[in-house]
Each structure stands twice: as C-alpha cells, then as structure tokens.
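Below you'll find the structure, written out as structure tokens, and then a few comments.
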Amino acid sequence: MRKLKVTGILVAILVLASCKKEIIDKVAEFTGFQKPVNFPEPAYHFDTNPVTREGFELGRKLFYEPRLSRNNTVSCGSCHIQTSAFTHHGHDVSHGIDDRLGKRNAPPIMNLAWHNSFNHDGGVFDLDMQPIVPITTFEEMDETLENVLKKLKAHPQYPGLFAKAFGSEEITSARLLKALSQFMVMCISADSKYDSVMRNESSFTAEEMQGYELFKQKCASCHKEPLFTDLSFRNNGIGIGFNGDVGRYEITLNEADRYKFKVPSLRNLKYSAPYTHDGRFYTLDAVLDKYSTGMRYVQNIDPVLDKGNSTYGIDISDAERVYLKAFLNTLNDEHFVKNKLLSE
Amino acid sequence: MAGLLFLASCKKEGKEPEYNQNELAPLSVEFDNIVGGTNLYLNATTYTNAAGEDYTVSLLQYYVSNIKVYKADGTEYVVPQDSSYFLIKEGDQASGSALVNVPEGDYARLVFTLGVDSLRSTMDIDKRTGVLDPASGMDNGMYWGWNSGYIFLKMEGLSAAAPVDGSGQNKFRYHIGGFGGYSAPTINNIKEISIDLNQAGVAKVRKGRTSNIHLMVDIGKVMSGTTTVSIAANPTVMFSDFSTKIAANYAAMFSHDHTEN
Ligand SMILES: [Cu+2]
C-alpha cells in the first residue's frame with residue numbers, strides 16, 4: 001500500500017517534472033517575432049531590422065554585457081532585471097556606474113515593439129536610438145559609443161557573433177543598436193491570465209470580471225488594452241516629484257506638456273514596483289490611494305480626473321478596490337519574467 | 001599677389017562648359033572661423049562680445065548639410081544627400097571644408113543647411129554614417145541621446161562672466177539643436193543659408209581642379225545680432241526657447257570672402 005503510494009507520487013513528480021521541462025523547452029525555443037493574436041500590429045520597423053535568431057542572440061548577449069559601460073561593471077540588465085519585469089527592482093530612481101543616481105525610475109523592457117516613443121518623456125522615437133542614452137549618460141554607463149565599439153572589436157567572440165548576425169565581422173553603431181533592438185522587441189509579455197481570457201483559453205473569476213468592468217470605466221481611457229497604455233503623455237495628478245521633473249515639457253518645450261509623463265503599462269505590476277516616473281509609490285495600494293483620496297490640483301492635470309468643485313481623482317470604494325486589484329493581478333505574466341529565452 | 005593669381009585663373013577659364021549632370025567636378029566650401037576682424041584661435045585669444053564680456057573659445061563645431069548650387073540662369077544642382085553632410089571643427093584642418101562634386105559650370109549662389117535636416121534626423125540608424133554616426137566624435141558629441149537629435153552648433157569657452165561650474169571652471173556652453181520635433185512640434189533651429197557669390201567671385205567649377213568658395217564665419221555673431229547674448233545671463237544654452245535666439249543670430253554669421261578658382 002505504502003509502496004504504491006510512494007511510486008504513485010514519484011510517477012506524478014516525474015510527470016510533472018517532464019511536463020515542466022517540456023514547457024520550458026518549448027518556451028525557450030526561438031520562433032522569431034510573433035504578434036500575439038490579441039495584440040495590434042507592432043510599430044517597430046521590422047522592414048529595416050528583421051529579427052533573426054543570430055541577431056537576437058547577439059542582442060541578448062549585448063544586453064547583458066557590462067563592457068557597454070566605462071569600467072565594465074554595468075550592463076543594460078543591471079537596471080532592467082528580468083525577474084522584475086526588466087525594471088530596476090527596489091529602486092525609486094535607478095543607479096548606475098559608481099552608484100551614481102539617475103533621476104527616473106527604470107521602465108520595463110516589455111512590449112516595446114508596439115511603442116512609438118521611449119522613456120517617461122518620449123524623447124527617443126526610435127527604439128534603435130535608445131541604448132545611446134544609457135551608454136553615454138554620466139549616471140548610467142558613462143561610456144562613449146565609439147569606445148564600446150572598440151572594446152567589442154577587440155573581444156575574442158564579438159566579431160564572429162556580428163558576422164553570424166549581419167554577414168560580416170564589421171562592428172558598427174548601426175549593427176550594435178539593431179542587435180539590441182532585436183532582443184528588446186522579443187521581450188513580449190502576452191501570457192498573463194488576461195491574455196488567455198482574451199484568447200478564449202480561460203475565463204475570469206466573478207471578482208476579476210467585476211474588476212475588469214471597473215477598470216474599463218475608470219482606467220482604460222489612459223491604460224488602454226491590450227498594452228494597458230494608450231502611449232500618450234498625461235498628468236495623472238500625482239503631484240510634482242522630489243526633483244521637479246517636468247517630463248514631456250523637456251522634449252516639446254510646450255507649457256501644456258509640463259509635468260506630463262508617458263502612460264505606463266499596467267502589466268506585471270507584481271514584479272515592477274516601485275511605480276511612476278520617479279518611483280515614489282512602493283505599493284499598488286499607495287497608487288490607488290493617490291487616485292482615490294490623495295489627489296490635488298496640479299498644472300495640466302488630466303481633465304478625466306476633474307470631478308468638479310475643485311476636486312480631483314477617481315472614486316474607488318473599498319469593495320471596488322478589491323475587484324480592481326483582482327483584475328490587475330490577471331495582468332501578471334509569470335512566463336515573461338521566467339522566460340529562459342530572455343535570460344542572460 | 002592672390003588677386004593677380006585670381007585674375008589670371010579667371011582669364012584662363014573664361015568659357016563656361018555645357019551643363020551636364022553627369023560630368024561632375026570638385027567644389028569645396030571653406031569655412032574660415034573668425035571673430036569680428038580677427039582669426040579664431042582656440043584657447044588663446046580673448047574676444048569681447050557685444051555685452052562687453054571677455055571670453056575665449058575652447059570648442060567650436062557645427063554641421064553643414066544639404067548643399068545646393070545655382071547658376072546665374074537659375075539652374076539648380078542639389079548635391080546627393082548621402083554625400084552632403086559635413087561636420088566643421090575648428091582646430092582640425094581636415095574638417096574645415098565641405099568637399100562636394102557638382103556639374104562643371106559657373107555658380108552664382110550657394111545654399112546650405114546649418115544643422116541636420118529633420119528627415120535625416122529621423123532616419124534609420126543605417127543611414128547615419130560618417131559624421132552622423134553617433135559613435136563618431138562622441139568625445140565632444142554632437143548627438144543628444146535623451147532627446148533624439150543632432151546638436152547643430154556647439155560652442156564652448158571660458159569667461160569670467162560665467163559662473164563656476166562643477167569642474168571649477170568659468171565655462172559657457174552653447175549647444176544648439178532642435179529639428180522641429182518628431183511627433184509633437186517644438187523648436188526648429190535648422191537654418192538655410194543662402195550666399196550670393198556674384199560680388200566676391202562666382203565659382204567656376206571645372207574638372208581637373210578644385211574651385212574653393214572661401215567663407216568667413218564670424219562666430220562672434222553667435223552672441224550678437226538680433227539678440228545680444230550675455231554670458232552672465234545665459235552661460236548655458238541647450239534645448240530651450242532661448243536657443244532660437246542664438247540660432248537666429250548665427251544664421252547671419254556667414255559671408256563670402258572670395259573664391260579660388
Ligand atoms: Cu541596486
């Protein structure tokens with residue numbers, strides 16, 4: 001009897017184990033860029049930079065390559081950590097080389113193939129040009145692109161890897177940047193419970209469904225499905241930050257853009273705390289508190305948040321909060337943060 | 001002596017060849033940086049601006065692009081864009097001129113862009129080679145990463161009028177750029193410069209030699225013109241509304257001195 005039970009458990013474990021392994025293997029297999037069926041057409045220019053296995057793998061190696069920084073200590077992956085949905089977990093503003101502090105919270109490298117601008121202020125409009133920012137920023141990697149190319153050229157592996165990806169050993173800025181993009185556009189999060197519901201593979205619980213309805217009423221005008229951002233720049237009334245960051249204004253010099261920031265996605269909030277451009281909120285409840293009770297007028301506050309009579313915010317009752325959080329929880333995608341294909 | 005030579009060569013090449021888009025010959029445009037009536041020497045000579053402030057210049061560089069030439073009858077030749085971007089760097093002999101090829105002929109007007117046009121500023125990274133490669137000359141970088149775009153003109157120097165900065169120097173920094181914005185309009189400091197060559201000598205472009213349009217570039221005008229720029233009031237000007245005033249000033253800094261044919 002007892003023996004039987006043990007074997008039974010053993011078999012079960014073996015089955016589970018092999019099952020899990022299969023999933024991981026399947027997942028870790030490179031299949032090129034594939035648009036999830038519930039997603040719109042991507043914005044990235046695949047015509048000038050098609051994703052190939054070799055290009056992607058080179059991009060991944062570069063993403064985790066500390067030689068991209070002045071003293072070879074900081075990689076892209078230092079601030080964009082996969083297990084934190086490619087954010088800088090636990091840091092309100094990220095810190096880089098020599099522990100110098102930046103002024104903003106590191107956003108996730110997630111579904112960027114659908115974005116048409118980058119950073120909290122949208123100052124970069126082509127994903128290919130984004131890596132220049134951290135590489136050359138004093139507080140981040142404090143390097144020059146020129147010197148990075150020099151280091152890669154002198155490296156025993158890179159010339160060969162560039163040849164595999166691009167046909168010759170030449171290492172240029174364009175190739176470096178395009179390889180990084182090939183990796184980044186593959187960082188797709190589309191395997192949350194929400195996605196499986198949208199693809200009719202499962203269904204919401206009653207609570208989650210209530211939360212979804214509330215979400216569509218109260219949040220979706222900015223946090224638009226399925227990316228959970230409409231990619232616009234808005235002021236969501238959280239108030240001016242500790243460093244007075246003016247956000248989008250820095251790029252447009254338009255007074256109407258002062259204190260506006262790009263609407264972030266709400267996918268993977270479980271992994272990506274702290275929140276908002278300066279990481280001032282450490283918990284989801286703190287953000288919801290701000291929306292429901294803590295909001296005051298600030299220049300350019302979004303009209304959606306104007307409740308009349310000089311009051312601002314979004315009404316969220318205690319019950320509604322429970323539902324909303326249940327729904328937001330369906331946006332967490334464990335597969336994304338564990339996907340071996342995207343790991344170092 | 002130069003005048004004599006000039007006359008002599010003029011006489012020799014008097015007849016203008018037939019215009020043929022396929023028969024190209026070299027033309028160079030020389031950018032000779034000066035301040036008022038004196039030559040520009042980096043880190044050496046002290047100059048005085050219209051606001052009465054003394055300064056020296058430690059760095060001066062700017063982009064020249066999209067070169068076009070016109071004959072007296074209005075015939076226009078646009079240098080193919082891929083060969084029409086130049087970074088003029090004071091103190092670097094090799095980057096004091098823009099060298100292009102145009103059809104043989106006599107040209108009475110030169111037009112170029114001071115800066116990098118918006119189209120190129122938004123092009124695929126594959127198209128940003130040579131002086132537009134963000135990896136080239138990053139030590140005194142002409143590219144803004146955080147606000148994707150090129151710096152059109154960069155001038156830095158020392159002046160007692162400037163406050164002491166983090167490095168302990170009284171430094172002023174003018175980094176002027178802005179191509180008009182990608183998805184939302186913003187400042188546009190792209191300047192098209194048009195220069196009449198009739199007064200100081202049309203460019204007679206012929207095969208087998210290089211006609212050289214010698215321009216004087218009075219970089220003192222960065223700080224004077226429609227707006228008198230005071231280093232004390234504006235020691236650092238980068239991406240800001242005030243930069244448009246500086247750009248408006250420097251659009252007038254080019255004058256045609258002579259042409260070596
Ligand atoms: Cu840390």
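Here, each number is a calculation from the coordinates, and none is a lab measurement. This structure is a prediction, so every number in the text was calculated from the model and none was measured. Cβ atoms come from the backbone with ideal geometry, glycine included; neighbour counts cover every protein chain shown.
Using only the alpha carbons of segment B:9-103, determine the length spanned along each of the three principal axes and report them from longest to shortest in whole angstroms.
Taking the Cα atoms of segment B:9-103, the three principal extents are 52, 33, 24 Å.
Can you list the residues, at least 5 places off or on another chain, whose amide H is less than 5 Å from the amide H of residue A:86, using H built in the peptide plane?
Amide H neighbours of residue A:86: A:81.
If you put +1 on each Lys and Arg Cβ and -1 on each Asp and Glu Cβ, how big is the dipole of segment B:25-260 around its Cα centre, in Debye rounded to 20?
Using only the charged Cβ atoms, the result is roughly 180 debye.
So for A:112, A:58, fewest C-beta neighbours within 10 Å to most, what's the order?
By the 10 Å Cβ count, ascending: A:112, A:58.
Given the protein assembly as shown, what percent of its DSSP beta bridges are antiparallel, to the nearest 5?
Rounded to the nearest five, the antiparallel share is 85 percent.
Please state the relative contact order of chain A as a whole percent: Cα pairs under 8 Å, 6+ residues apart?
Relative contact order here is 21 percent.
In terms of modelled amide H atoms, which long-range or inter-chain residues lie less than 5 Å from the amide H of residue B:237?
B:173, B:174, B:175
Quick one: how many lysine pairs in segment B:25-260 have C-alpha atoms under 13 angstrom apart, if they're 8 or more apart or on different chains?
4
Would you mind ranking B:187, A:109 so that the residue whose beta carbon has the fewest other beta carbons within 10 Å leads the list?
Lowest to highest Cβ neighbour count: B:187, A:109.
Please turn the phi angles of segment A:263-273 into ³J(HN,Hα) values with the Karplus equation 6.51 cos²θ - 1.76 cosθ + 1.60 (θ = phi - 60°), one per residue in order, whole Hz, x for glycine and proline.
Listing the rounded values in order: 5, x, 5, 10, 6, 6, 4, 4, 9, 9, 4 Hz.
What list of ³J(HN,Hα) values in whole Hz, one per residue of segment A:151-163 in order, does the Karplus curve 6.51 cos²θ - 1.76 cosθ + 1.60 (θ = phi - 60°) give from phi, with Gly and Pro shown as x?
4, 5, 5, 7, 7, x, 9, 4, x, x, 5, 5, 4
For the residues B:117, A:333, what sequence is obtained by ranking on other C-beta atoms within 10 Å, fewest first?
So the residues, fewest neighbours to most, are B:117, A:333.
Can you list the lysines whose alpha carbon is less than 20 Å from that of residue A:340, not counting same-chain residues fewer than 8 positions off?
Leaving aside lysines fewer than 8 places away in the same chain, those within reach of residue A:340 are A:20, A:21, A:26, A:35, A:61, A:193, A:270.
Over all directions, what mean area does the Cα convex hull of chain A project, stated in square nanometres?
Averaged projected hull area, Cα only: 21.5 nm².
Kirkwood Rh over alpha-carbon pairs of segment B:25-260, then Stokes-Einstein at 37 °C and 0.692 mPa s: what D in µm² s⁻¹, rounded to an integer?
179
Across peptide B:121-133, how many C-beta atoms of other chains are within 10 Å of each residue C-beta, on average?
Mean inter-chain Cβ contacts per residue within 10 Å come to 4.
What ³J(HN,Hα) values, in whole Hz, does the Karplus curve 6.51 cos²θ - 1.76 cosθ + 1.60 give for segment A:182-197 when θ = phi - 60°, with x put for Gly and Pro?
Karplus values, whole Hz, x for Gly and Pro: 4, 5, 5, 5, 7, 7, 9, 10, 8, 10, 7, 4, 3, 5, 5, 5.
So if I take the centroid of the Cα atoms in segment B:58-118 and the same for segment B:30-50, what is the distance between those two points in Å?
If you average the Cα positions of each part, the centres end up 22 Å apart.
Compute the Rg/Rh shape ratio of segment B:82-208: radius of gyration over Kirkwood radius, all on alpha-carbon atoms.
1.03
Roughly how many whole Å is it from the C-alpha centroid of segment B:191-205 to that of segment A:170-227?
Here the answer is 57 Å between Cα centres.
Of the peptides B:167-180, A:261-274, how do they stack up when ordered by the mean number of other Cβ atoms within 10 Å, highest first?
Highest mean packing first, the order is A:261-274, B:167-180.
How much mean residue ellipticity at 222 nm does chain A get from its helices, if each DSSP H run of length 4 or more adds -39500 (n - 2.57) and you divide by all residues, to the nearest 500 deg cm²/dmol?
About -11000 deg cm²/dmol.
Near the amide H of residue B:33, under 5 Å away, which other amide H atoms are found, from residues 5 or more places off or on another chain, if H is placed in the peptide plane?
Result for residue B:33 returns B:217.
Pairs A:103/A:178; A:260/A:307; A:262/A:290: which are spaced more than 21 Å apart, C-alpha to C-alpha?
A:103/A:178
Where Rh is the Kirkwood radius over the Cα pairs of the protein assembly as shown, the temperature 20 °C and the viscosity 1.002 mPa s, what D in µm²/s does Stokes-Einstein return?
D = 78 µm²/s.
Which listed residue (A:194, A:231, A:256) has the Cα farthest towards the positive end of the charge dipole for segment A:193-336, taking +1 on Lys and Arg C-beta and -1 on Asp and Glu C-beta about the Cα centre?
Looking along the dipole axis, the top candidate is A:256.
Let me check I've understood the local charge: for residue B:175, count other residues with C-beta under 9 angstrom from its C-beta, Lys and Arg +1, Asp and Glu -1. What total comes out?
+1
To two decimal places, what compactness ratio does segment A:20-189 give when its Cα radius of gyration is scaled by 2.2 N^0.38 Å?
1.02
What does the helix-only formula give at 222 nm for chain B: each DSSP H stretch with n ≥ 4 adding -39500 (n - 2.57), the total divided by the residues, and the result rounded to the nearest 500 deg cm²/dmol?
My calculation for chain B gives -2500 deg cm²/dmol from helical runs alone.
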